[in-house]
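The structure appears below as structure tokens.
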Amino acid sequence: MHKEYEIEEYTAIEEQIHYYYKCLLVSHPDQIIKYLEKRLEKYAETLQYAHLYPDTVILPLQQLVIEYSLDVARIRKYMNLKT
């Protein structure tokens, strides 16, 4: 059961990576991580001034920070499994 979950998770990560490959026109997971980290920096800067923006701007940014952070962690885990 546990092994089956790991295989499904690995497959999901691979699908996510291939999605990023297509969207970002890159060919290596390191490039995806670099892109996501740049976006996270930009969003963090914006969130420092959250009081200047309405909630309709801040809430989606917070969600993107969460999603991108999780994606970075998953891609790093994937890269470690590949080596």
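Every number in this text was worked out from the coordinates using simple rules, so none of it is lab data. On a predicted model such as this, the values are computed, not experimentally measured, just so you know. Counting neighbours? That spans all protein chains shown, and the Cβs are built from the backbone with ideal geometry, glycine included.
General remarks:
- Label-point separation, Lys22 to Tyr43 (7 Å along Cα→Cβ), nm: 2.2 nm
- The distance linking the range 35-52 with the range 5-19 is 27 Å (Cα centroid to Cα centroid, whole angstrom).
- Helix 2-24 vs. the chain, principal-axis angle (Cα, 0 to 90°, nearest 10): 60 degrees
- Check: the range 14-76 dipole with +1 on Lys, Arg Cβ and -1 on Asp, Glu Cβ, in debye: 140 debye
- Short to long, the 5 Å bins of the Cα pair-distance histogram for the range 2-82 hold 3, 14, 22, 20, 15, 12, 9, 4, 2, 0 percent of all pairs.
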